[in-house]
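Following: one structure in structure tokens, then a few remarks.
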Amino acid sequence: MNLPNWITVVRIALVPVFLVLAYGHSTVSALLAFLLFVLASATDSLDGRLARRRGQTTRTGSFLDPLADKLLLGAALVVLVDHRGFPLWTALVIACREVAVQILRTQIVRGGGDLPASPAGKLKTVLQSIMVGWWLLPWKQNPGHWILLVVVLVVTLWSGGEYFVRARNVRKVAP
């Protein structure tokens, strides 16, 4: 296994540690969960850049990287809904978009096509990470919580729709 894949595996292994910290009942635990979330989110771009730069992109990495993203985001959303007053319906919209795009990508790859991450999808990932980090911080809700939530919802839905439009074009080109 190459270094980029190891980084992704470590990111997956950090999810249970994040959950333990996030469910802790102290400010220190909450801050450590926040820092771990930021670290794990930051390594998302690191593993991909390393793989491309070193010519080490693999099918395993292509599968594990989005899985790691979804596990970390899903774990964080569960914590936010459970402990921080994050609206369940919003978490479900985000989760449904993630699952729908992943199913779409899987179908296209199985059919011999490719549906790489779009700029809108990358923006969505960055904004979701910022929003989740903001919500994880142990402070009272403020207008920033709700502004970030609305922005993330709009970009999440927009980028999801964009993937489905792009998928139609992939299918037209593919035999």
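The values are calculated or read from the model by the stated rules, or taken from the named source; none is laboratory data. All values reported here derive from a predicted model rather than from experimental measurement. Cβ sites come from the backbone with ideal geometry, for glycine too, and all protein chains shown count toward neighbours. Just so you know, the surface numbers come from the protein's heavy atoms only, side chains and all, with ligands and any DNA or RNA stripped out. Shrake-Rupley method; radii C 1.70, N 1.55, O 1.52, S 1.80 Å.
Structural remarks
- Within segment 110-134, residues that are within 13 Å of Leu157 (Cα to Cα) reach partners that are open to solvent by less than 20 Å² (accessible area, probe 1.4 Å) and among the polar types (S, T, N, Q) with beta carbons closer than 6 Å, at six or more positions or on different chains, in the pairs Ala120/Ser159; Gly121/Ser159; Lys124/Thr156; Lys124/Ser159.
- Identity of the residue in segment 102-125, touching a Pro at 6+ places or on another chain (Cβ under 9 Å) and not small (Gly, Ala, Ser), that ends up modelled with the highest pLDDT: Gln102
- The lone exception for Gln141 - which of (1) assigned to a helix (DSSP H, G or I); (2) within 18 Å of Leu31 (Cα to Cα) it fails: (1)
- Segment 107-160, residues that are among the polar types (S, T, N, Q), within 23 Å of Leu64 (Cα to Cα) and open to solvent by 50 Å² or more (accessible area, probe 1.4 Å): Gln107
- Considering residues of segment 76-90 that are more than 16 Å from Val15 (Cβ to Cβ) and in a helix (DSSP H, G or I) only, the residue nearest to the chain's Cα centre (by Cα): Thr90
- Filter pass, Val99 being closer than 15 Å to Leu136 by Cβ and surrounded by fewer than 17 Cβ atoms within 10 Å (Cβ to Cβ): no
- Test: Asp65 is out of contact with any helix residue (DSSP H, G or I) (no Cβ under 8 Å at 6 or more places or on another chain), open to solvent by 30 Å² or more (accessible area, probe 1.4 Å) and of a type in the set (Asp, Glu): no
- Yes/no for Gly48 being part of a helix (DSSP H, G or I), surrounded by 17 or more Cβ atoms within 10 Å (Cβ to Cβ) and at pLDDT below 85: yes
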